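The values are calculated or read from the model by the stated rules, or taken from the named source; none is laboratory data. This is a predicted model, so every value here is computed, not measured. No Cβ is skipped: glycine too gets one built from the backbone with ideal geometry, and neighbour counts run over all protein chains shown. Please note that ligands, DNA and RNA were not included when accessible areas were found on the heavy atoms of the full protein model with its side chains. Shrake-Rupley method; radii C 1.70, N 1.55, O 1.52, S 1.80 Å.
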Amino acid sequence: LYSLVFTPSVITCANPCVALSPSSTSTVPVTFTISSPPPTQTATVSGALMCTPGPYTMTYMNQFNGCIGTASTVVPQNVIPPAVVPQAPVYIPCGSSTVAISAGTASTSPTYSYSWDGPPAAGMSCPGGTACATSAVNMPGIYNVYVVNTANGCSATNSVQVIAGSVLISVFGNNTICSGETTTLTASGATTYTWNTGANTSSIAATPTINTTYTVNGTTTSGSTTCVGQTTIDVTVNPCIGILEYEKELGLTIAPNPNTGKFLVIINLKQDAEILIFNSIGQEVFRQNVRNGKNEINMGTLAKGIYHFNITQNKQPLSRGKILIE
C-alpha cells in the first residue's frame with residue numbers, strides 16, 4: 001500500500017506550496033498520478049510542487065502485476081494575516097517631549113514581530129524600532145509599522161499619525177435653539193480661550209438670529225512650550241412659530257418633578273419624538289426616544305441639580321423646560 005505525503009505540513013504565506021510524493025515501506029515499483037483540487041493539476045513525479053489547499057488524490061499501479069490503488073490526503077492552509085485596527089491621531093501632550101503609540105493589532109500574540117519606520121531622526125523607546133507592539137516616540141509625523149506573524153509568514157501594515165504641541169478643545173452647549181433664545185457655549189481642554197465673537201472666557205452666551213458657526217481657539221502654556229487648539233460648534237436657529245400653541249396639543253406632563261432621575265413623560269404624539277437632557281453648562285447628558293402616551297425615563301446616577309430638557313421631532317423643537325433632580 002502507498003500513501004500520499006507532503007512537506008511542509010501546511011500552506012502558508014512563507015511556504016505557498018507543498019511537495020507531494022508517494023510513500024510506502026514496499027519496494028515494489030509503481031507508476032502514479034497525483035491530482036490536485038480544482039483547478040485540477042496533475043503530476044507523475046515525486047516532490048511535485050502544488051500550491052492549492054484541499055483534497056489531493058493519487059492513483060498508482062503496481063508495475064509487476066498491473067494492480068491499481070488509490071490514496072488521498074488533505075493539504076491545509078494558514079494564510080491569515082495579523083488583524084490591525086486603524087489608529088486615530090496621537091497628540092504629544094503640551095509640554096511633553098514624547099508620547100506612546102501602538103501598532104494597533106486586534107490581539108497580541110508571541111508569534112508577532114513588529115518593524116517600525118518613522119520620520120527622519122525620530123527617536124523610539126523600542127531599540128531600533130523593532131519587536132515592539134508599542135513605543136514612545138519623540139517627533140511628530142507618520143509612523144508606519146510592519147507586523148509579521150512568524151507562525152505563517154503573513155503580514156499586515158498600519159500607521160499612526162503623531163501631532164505635536166496641540167491641545168484638544170471641546171465645546172458643549174445646546175446647539176439647537178428657537179429664534180430669540182440664548183444658549184451657553186462652554187469650551188474645555190485649555191487654560192485660555194479666544195472666541196470669534198471676541199470673548200476671552202471659557203463660556204459665552206450666544207443669541208444668534210440665524211444659523212451660526214462659533215469658533216474657539218484654546219491655548220495652554222507648559223514651561224517654555226505654548227500649545228494651541230481650535231474647534232467649532234454650529235448653532236441652528238429655528239423659528240419655532242406656534243410652539244406654544246403646539247405645546248398645548250402635546251398635553252405634556254413630566255411627573256414627578258422634582259425627582260431622583262426617574263420620571264414619566266406623558267405626551268400626545270402623532271409620531272415618535274426624542275427627549276434630550278442637558279446639564280447647567282449645556283452638555284448633553286441623556287437622550288431617549290418617546291412615543292405617544294406614557295414613557296418611563298431613567299437618567300441613571302446623574303448628580304443632583306437643575307437640568308434642561310428639549311423634546312424634538314425630526315430636529316424641530318416641540319417643547320422645553322427644566323427638571324430638578326434631588
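Side notes on the structure shown:
- Count - residues of segment 1-43 that are of a type in the set (Ser, Thr, Tyr), assigned to a loop (DSSP other than H, G, I, E, B) and over 39 Å from the mean Cα position of the chain (by Cα): 7
- Residues located in segment 44-65, provided they are assigned to a loop (DSSP other than H, G, I, E, B) and in contact with a Phe, Trp or Tyr (Cβ under 7 Å, 6 or more places away or on another chain): Thr44
- Test: residue in segment 66-86 that is in a loop (DSSP other than H, G, I, E, B), of a type in the set (S, T, N, Q) and surrounded by 15 or more Cβ atoms within 10 Å (Cβ to Cβ): no
- Picking from residues in segment 148-174 that are open to solvent by 60 Å² or more (accessible area, probe 1.4 Å) and not in a strand (DSSP E or B), the one that is farthest from Ile101 (Cα to Cα) is Ala151.
- Evaluating Thr215 against the criteria (1) open to solvent by 50 Å² or more (accessible area, probe 1.4 Å); (2) modelled with pLDDT of 90 or more leaves one unmet condition, (1).
- Ile277 being more than 30 Å from Ile204 (Cβ to Cβ), under 32 Å from the mean Cα position of the chain (by Cα) and not basic (Lys, Arg): no
- For Ile177, the conditions (1) in a loop (DSSP other than H, G, I, E, B); (2) at pLDDT below 85; (3) hydrophobic (A, V, I, L, M, F, W, C) all hold with the exception of (1).
- The listed residue being farther than 20 Å from Arg320 by Cβ and at pLDDT below 85, out of Thr221, Thr231: Thr221
- Filtered residues of segment 1-34 (kept if hydroxyl-bearing (Ser, Thr, Tyr) and surrounded by fewer than 17 Cβ atoms within 10 Å (Cβ to Cβ)): Ser3, Thr7, Ser9, Ser23, Ser24, Thr25, Ser26, Thr27, Thr31, Thr33
- Looking only at residues of segment 188-212 that are open to solvent by less than 50 Å² (accessible area, probe 1.4 Å) and within 21 Å of Phe309 (Cα to Cα), we find that the one that is nearest to the chain's Cα centre (by Cα) is Ser203.
- Of all residues in segment 234-272 being at pLDDT below 90 and among the charged types (D, E, K, R), the one that is least open to solvent (accessible area, probe 1.4 Å): Glu247
- Every condition in (1) modelled with pLDDT of 85 or more; (2) surrounded by 13 or more Cβ atoms within 10 Å (Cβ to Cβ); (3) of a type in the set (D, E, K, R) holds for Lys294 except the one numbered (2).
- Hits in segment 92-147 (condition: open to solvent by 30 Å² or more (accessible area, probe 1.4 Å), in a strand (DSSP E or B) and under 21 Å from Ser222 (Cβ atoms)): Ala100, Ala136
- Scanning segment 220-232 for residues that are within 24 Å of Thr183 (Cβ to Cβ) and crowded, with 17+ Cβ neighbours inside 10 Å yields a count of 1.
- Subset of segment 47-65 that is modelled with pLDDT of 95 or more and of a type in the set (Phe, Trp, Tyr) - its residue that is surrounded by the fewest Cβ atoms within 10 Å (Cβ to Cβ): Tyr60
- Residues of segment 303-319 that are open to solvent by 50 Å² or more (accessible area, probe 1.4 Å), over 16 Å from Pro256 (Cα atoms) and in contact (Cβ under 8 Å) with a residue 12 or more places away in the chain: Ala303, Lys315, Gln316.
- Cross-chain or 6+ apart pairs with Cβ under 9 Å, segment 80-98 first and free of Cβ contacts under 8 Å to residues at least 24 places away in the same chain and over 19 Å from Thr111 (Cβ atoms), then open to solvent by 70 Å² or more (accessible area, probe 1.4 Å) and of a type in the set (S, T, N, Q): Ala88/Gln161
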